[in-house]
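Take a look at the structure set out below.
The values are calculated or read from the model by the stated rules, or taken from the named source; none is laboratory data. If you're wondering where the values come from, they're calculated on a predicted model, not measured in any experiment. Quick reminder, even Gly has a Cβ in these numbers, built from the backbone with ideal geometry, and neighbours come from all protein chains shown. The accessibility values were calculated without ligands, DNA or RNA, using every heavy atom of the protein model including side chains. Shrake-Rupley method; radii C 1.70, N 1.55, O 1.52, S 1.80 Å.
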Amino acid sequence: MKTIQKSLLTLLFLTFLQFSFAQSSVDVKLYPSEKAPQISKHIYGHFAEHLGRCIYGGFYVGEDSEIPNLEGVRKDIIAALIDMKIPNLRWPGGCFADTYHWKDGIGNKADRPTIVNQWWGGVTEDNSFGTHDFLNLCEALNTEPYISGNIGSGTVREFADWIQYVNHDGVSPMADLRKENGREKPWDVRFWGLGNEAWGCGGHMTAEYYSNLYRQYATYMTDWSNTTDLYRVASGASDGNYNWTEVLMKNIPKNLIEAVALHSYSVIDWGNKGSATEFSETQYFQTMQRAYKMEEYITKHSAIMDVYDPAKRIDLIVDEWGGWYDVEPGTNPGFLYQQNTMRDAMIAGMTLNIFNNHAERVKMANLAQTINVLQAVILTEGEKIILTPTYHVMKMYAVHQDAQLIPVSYDSPLFEKNGDSLPAISISASQGPKNQINISLVNIDDKKSHTLSIDVRSLNIKNLEGLILKSKSIQDHNDFDHPETITPIEYNKAKLKNGTITLDLPPFSVLVLKGN
Ligand code: AHR
């Protein structure tokens, strides 16, 4: 009798084991299709505002600095951003853009007027980093500039002159001025934002008022070079302000616009954002909930755009996104300087997968911000720099730039906390040059690993390699004494057999597989 009971118990236990194994195994299918969109490299774009130590004391240390520099911009930063394959850089704001008068930032540096940074700490700037400095930096980075023009406190003429100054290749008042200032050839700037957050720091406008103003400004934006088609970006909604997108799509004629923007930050609570490094399990989960909202925002803004633009001629661009926490203790609250942990790597991996999977409508995105501000990819302290976990995710994901999306399907297991749940797994895939297959996988669950089984029979994969970003604790980060606590390591535990890849994705990890 006892033996029968024992065997029954063993059987029950084995069945339970089998069941729980089946529960945690995720079947992933890839659907390569010639009709799938290209993942624009510009989804991997960045943002540099005159804010805190992003420009001054970040990028720009001045030509007289002992830190090795190119025309005042740190060479170590230039090298790191080239290595990360930065495709575009948005400048000079942000809120700063609608206070910026570009003519104050050209000509002899000693003669330039100062500007007080109204939005960020009230500091006085000497305008030593201006249009030439920014556009020369973009050339050094081999990245495309994206200039945010001043609609909030500027004029139509000032805006139109700026375009003539940087793009006109003949004899004209602004091209002549540019040449006097030492630059013969135009820079051919394609991406132009018409104001920033026009509903807020960009002028507290209504959508109706802004769309009229947009039409006026866009009318005088001339493509002087005849080689560069201007790409005009309307200042977009924040998060779920769908009415803003609807009014813009309805009121702005299609021949005046190339893209509508969207801003969305992963912030738990604007009144209580919490520490960047010392956060609880609940706060971690709340940040992931907030970051995952990007899926909903993009889906719903795109649905509105589909009504007015079914041919998808107008792009949706998320030109500000990222995690936002309390500033580091003891730093200027107006400078938005925060550390960057594995939590930020989770935000980055998940959000970039969302952008990739919406590649049909989302053609550009700009992480806020490149250096020393919000979810930065680089932090500086004196002559030292560190590359953050977010930097590593951006670099790992660079394989997707301009590759063709491969749609994926899977039923994600749930990441549960305090009665709420989120999909634990996030995946996107693409096919790049020489038919290389790229699969980026994120497990945001901070406790459980998940077994994945990826069906790649439709793709001719013979060799597999991978890079993984993981750590012991979700709060782990790189600091100036330990700059390499978190760096990607080679991952060779994925098994490829009979057209199926099987692997275990550790808790809070980002993995990028390359197959060919
Ligand atoms: O990125 C910081 C600020 O956030 C930007 O200046 C503004 O556009 C947004 O509110």
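At the residue level, F335 shows approximately 50 square angstrom of accessible surface with a 1.4 angstrom probe and all protein chains present.
Pairing the Cα long axis of helix 2-24 with the longest principal axis of the chain, what angle in degrees results, from 0 to 90 and rounded to the nearest 10? That works out to roughly 20 degrees. Over the chain, accessible surface divided per residue gives 42 Å², non-protein components excluded, 1.4 Å probe. Which distance in Å, rounded to a whole number, links the C-alpha centroids of region 66-105 and region 135-152? The distance from the Cα centre of region 66-105 to that of region 135-152 comes to 8 Å.
Simple point charges give the picture: +1 on the Cβ of Lys and Arg, -1 on the Cβ of Asp and Glu, and for region 120-279 a dipole about the Cα centre of about 400 debye. Counted by Cβ distance under 9 Å from E320, the other residues give a net charge of -1, where Lys and Arg count +1 and Asp and Glu count -1.
Could you work out the relative contact order of region 41-401, using alpha carbon pairs under 8 angstrom and six or more residues apart, expressed as a whole percent? The normalised contact order for region 41-401 reaches 20 percent. Using a probe of 1.4 Å, the accessible surface attributed to L137 totals some 10 Å² when neighbouring protein chains are kept in position. Please work out the Cα center distance from region 475-516 to region 200-249, rounded to the nearest Å. Spelled out, the Cα-based centre of one part sits 41 Å from the other. Expressed as a whole percent, the accessible area of region 41-401 that falls on carbon and sulfur atoms is 49 (1.4 Å probe). Taking Lys and Arg as +1 and Asp and Glu as -1, the other residues whose beta-carbon sits under 13 Å from that of D504 total +3. Which pairs break 29 Å Cα to Cα here: K75/K395; K75/K185; K35/K470; K35/K185; K300/K417; K103/K293? K35/K470; K35/K185; K103/K293, as the Cα separations exceed 29 Å there.
Shape call for region 410-470 from the C-alpha gyration tensor, a ≥ b ≥ c root eigenvalues: rounded (a/c under 1.5), prolate (a/b greater than b/c) or oblate? Can you show the working numbers first?
Numbers: a/c = 2.80, a/b = 2.30, b/c = 1.22.
Prolate, because a/c is 1.5 or more and a/b exceeds b/c.
Could you compute the FRET efficiency for D269 and N212, with r as their C-beta to C-beta distance and R0 at 30 Å, rounded to 0.05?
Values: r = 35 Å, r/R0 = 1.16.
After rounding to 0.05, the efficiency reads 0.30.
With the charge dipole of the chain set up from +1 on Lys and Arg Cβ and -1 on Asp and Glu Cβ about the Cα centre, the Cα lying farthest toward the positive end among the listed residues S172, Q38, M305 is that of Q38.
Going by a ≥ b ≥ c, the root eigenvalues of the Cα gyration tensor, does region 41-401 fall in the rounded group (a/c under 1.5), the prolate group (a/b larger than b/c) or the oblate group? Provide the component values of the computation, followed by the final result.
Details: a/c = 1.56, a/b = 1.08, b/c = 1.45.
Oblate, since a/c reaches 1.5 and b/c is not below a/b.
Taking the dipole about the Cα centre of the chain, with the C-beta of Lys and Arg at +1 and of Asp and Glu at -1, give me whichever of T206, W321, F508 is farthest to the positive side. Checked the options; the winner is F508. For the chain, the longest principal axis of the Cα atoms and the long axis of helix 281-308 meet at an angle of about 60 degrees. Please state the shape class of region 91-230: rounded when a/c is under 1.5, otherwise prolate if a/b exceeds b/c and oblate if not, all from the C-alpha gyration tensor. The shape class here is oblate. The relative contact order of region 145-214, computed from alpha carbon pairs under 8 Å that lie at least 6 residues apart in sequence, is 37 percent. Taken about its Cα centre, the chain carries a charge dipole of roughly 1980 debye when the Cβ of each Lys and Arg holds +1 and the Cβ of each Asp and Glu holds -1.
Beta bridges from DSSP with both residues in the chain: antiparallel share about 55 percent, rounded to the nearest 5. Each Cα pair under 8 Å and six or more residues apart adds its separation to the average, and for region 381-516 the resulting relative contact order is 31 percent.
Listed by chain and number, the lysines whose C-alpha is less than 23 Å from the C-alpha of K29, apart from same-chain residues fewer than 8 away, are K434, K448, K462, K493, K495, K497, K514. Here each label is just a point 7 Å from Cα along the line to Cβ, and for V171 and E383 those points are 5.1 nm apart.
A probe of 1.4 angstrom, applied to the heavy atoms of all protein chains, finds V307 with accessible area near 110 square angstrom.
How do Y410, Y214 stack up against each other in accessible area, from largest to smallest, with a 1.4 angstrom probe?
Values: Y410 65, Y214 0 Å².
My answer, sorted largest first, is Y410, Y214.
Model label points for T487 and D188, set 7 angstrom from Cα along the Cα-to-Cβ axis, are 3.8 nm apart. Separation of region 347-366 and region 260-323 by C-alpha centroid, Å? Cα centroid to Cα centroid, the span is 11 Å.
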